[in-house]
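For reference, the structure discussed in these notes is given below.
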């Protein structure tokens with residue numbers, strides 16, 4: 001008897017961890033999801049039944065932990081299709097939404113709104129439709145990754161980040177922003193980080209390793225309207241627009257690829273505001289130009305144009321631009337803009353200019369610093385800090401124009417740029433730096449132009465599901 005009692009106690013103790021394990025809730029409607037919300041515990045999983053969900057407004061409100069997030073996912077990734085006036089709103093901590101497809105839906109609200117903190121939207125597609133925003137980010141330390149967003153035809157950005165009181169530290173990575181047709185007016189951005197009235201707040205949003213593919217909604221592919229954001233390792237492919245630092249200060253644009261293929265309206269980076277760093281970018285085949293350094297309005301309102309001041313444009317490579325490589329006072333004389341850019345550093349860039357190309361346009365403002373720049377073009381009149389040479393670039397197997405070993409870009413960078421430790425390929429810059437974004441090196445390349453295979457949901461078959469505007 002004593003032996004049997006001991007055995008029973010051992011069995012009960014062994015079962016205790018199993019009783020405490022996470023629960024899995026099978027649901028087939030927004031109403032069923034609402035019924036389980038009050039019962040969710042860290043580690044639980046809510047599984048949405050495969051099929052078409054018509055006009056389902058899903059509220060996912062719970063609190064997980066870092067070790068045990070609460071997950072809302074499709075039974076099979078991509079086979080839960082929300083349409084009509086369907087939407088998803090998360091609010092809480094450590095929540096994960098995965099594997100959904102929102103297709104051709106719409107309302108005055110958001111397709112997916114992420115509120116709270118430490119939440120994640122992943123492996124999800126939003127295709128077509130007229131939502132105000134496909135994805136709307138609030139709160140702090142939330143992540144949107146491996147998603148596909150394409151085909152928005154209505155006004156307002158595809159993805160909107162709210163910048164509230166404190167820095168939000170959101171991360172947006174490995175997403176595929178697919179085709180967006182021209183809107184024909186303002187409001188066709190693919191991504192906007194902040195609003196004009198939020199623009200002097202620090203957002204510290206990280207936007208990295210995303211593919212922007214035929215994003216033609218308007219001139220601002222990304223509209224950065226807040227401070228201290230980082231845009232790095234992204235690829236802008238055949239987009240009729242530019243990455244625009246529209247409002248706010250102290251942003252960093254680093255190691256991005258802009259591949260225009262001479263598409264009408266394609267461009268590089270618009271620089272508005274103070275103390276931005278534009279570093280290690282590769283820009284090829286654009287038609288609107290590479291860098292627009294923008295003139296400002298005296299005492300500009302928050303929704304106006306602030307003078308570009310104290311910005312650095314360094315170690316970039318621009319090839320075959322059909323617009324100006326450097327617009328020195330873009331917008332001067334329009335929209336009450338009378339203040340030319342000031343205290344701009346242009347250093348150690350490579351400008352490979354076609355025979356009929358324009359290297360410089362506009363008037364240089366006060367305090368410009370030029371050093372170490374190389375071009376194949378004849379600069380008339382001669383310009384300090386820009387040297388005309390045979391660049392000795394060669395198109396590599398990856399399609400990019402790279403310096404040959406005998407190129408004058410090698411170890412000729414000028415100035416104190418010790419903090420520039422890496423090139424666009426992710427290769428270490430040792431000793432005296434090479435000019436341009438590409439350090440000649442035999443080290444492995446870790447950052448390349450992105451393709452559809454590198455980003456977006458694993459389950460998403462782009463060939464069959466791509467929205468065609």
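The values are calculated or read from the model by the stated rules, or taken from the named source; none is laboratory data. Everything quoted here is computed from the prediction, not taken from an experiment. Neighbour counts run over all protein chains shown; Cβ positions are idealised from the backbone, glycine included.
Out of all the residues in region 91-118, which are touching a strand residue (DSSP E or B) at 6+ places or on another chain (Cβ under 8 Å) and at pLDDT below 95?
If the condition is that a residue be touching a strand residue (DSSP E or B) at 6+ places or on another chain (Cβ under 8 Å) and at pLDDT below 95, then 105, 107, 109 are the ones that fit.
Give the residue that is farthest from residue 425 (Cα to Cα), with candidates limited to residues of region 190-241 that are assigned to a loop (DSSP other than H, G, I, E, B) and under 12 Å from the mean Cα position of the chain (by Cα).
So, considering only residues that are assigned to a loop (DSSP other than H, G, I, E, B) and under 12 Å from the mean Cα position of the chain (by Cα), the one farthest from residue 425 (Cα to Cα) is 190.
Test residue 402 against the stated conditions and say whether it is at pLDDT 95 or above, surrounded by fewer than 14 Cβ atoms within 10 Å (Cβ to Cβ) and part of a strand (DSSP E or B).
Criteria not met by residue 402.
Given 43, 78, which one is farther than 21 Å from residue 101 by Cβ and in a loop (DSSP other than H, G, I, E, B)?
Residue meeting the stated conditions: 43.
I'm trying to understand the selection: among the residues of region 81-125, which are assigned to a loop (DSSP other than H, G, I, E, B), within 22 Å of the chain's Cα centre (by Cα), without any contact (Cβ under 8 Å) to a residue 60 or more places away in the chain and crowded, with 24+ Cβ neighbours inside 10 Å?
Of everything in region 81-125, just one residue is assigned to a loop (DSSP other than H, G, I, E, B), within 22 Å of the chain's Cα centre (by Cα), without any contact (Cβ under 8 Å) to a residue 60 or more places away in the chain and crowded, with 24+ Cβ neighbours inside 10 Å, namely 119.
More than 28 Å from residue 174 (Cβ to Cβ) and surrounded by fewer than 24 Cβ atoms within 10 Å (Cβ to Cβ), is that true of residue 254?
Values: more than 28 Å from residue 174 (Cβ to Cβ): no; surrounded by fewer than 24 Cβ atoms within 10 Å (Cβ to Cβ): yes.
No.
What tally of residues in region 168-189 results from selecting those that are over 10 Å from the mean Cα position of the chain (by Cα) and not in a strand (DSSP E or B)?
14
Name the pairs: first residue in region 36-55 and at negative phi and free of Cβ contacts under 8 Å to residues at least 24 places away in the same chain, second residue surrounded by 15 or more Cβ atoms within 10 Å (Cβ to Cβ) and in a strand (DSSP E or B), Cβ to Cβ under 7 Å, at least 6 apart or on different chains?
What qualifies is 36/25; 36/27; 36/46.
Mind checking which residues of region 257-276 are surrounded by fewer than 24 Cβ atoms within 10 Å (Cβ to Cβ) and closer than 18 Å to residue 447 by Cβ?
Correct list: 257, 259.
Rundown of residues vs (1) touching a strand residue (DSSP E or B) at 6+ places or on another chain (Cβ under 7 Å); (2) modelled with pLDDT under 95; (3) surrounded by 24 or more Cβ atoms within 10 Å (Cβ to Cβ), yes/no style:
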{"residue": "131", "(1), (2), (3)": "yes, no, yes"}
{"residue": "145", "(1), (2), (3)": "yes, no, no"}
{"residue": "165", "(1), (2), (3)": "no, yes, no"}
{"residue": "173", "(1), (2), (3)": "yes, no, no"}
{"residue": "193", "(1), (2), (3)": "yes, no, yes"}
{"residue": "202", "(1), (2), (3)": "yes, no, no"}
{"residue": "207", "(1), (2), (3)": "yes, no, yes"}
{"residue": "211", "(1), (2), (3)": "yes, no, yes"}
{"residue": "223", "(1), (2), (3)": "yes, no, yes"}
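Hey, any hits in region 418-432 for a residue that's free of Cβ contacts under 8 Å to residues at least 60 places away in the same chain, in a loop (DSSP other than H, G, I, E, B), more than 28 Å from the chain's Cα centre (by Cα) and crowded, with 17+ Cβ neighbours inside 10 Å?
For region 418-432, residues free of Cβ contacts under 8 Å to residues at least 60 places away in the same chain, in a loop (DSSP other than H, G, I, E, B), more than 28 Å from the chain's Cα centre (by Cα) and crowded, with 17+ Cβ neighbours inside 10 Å: absent.
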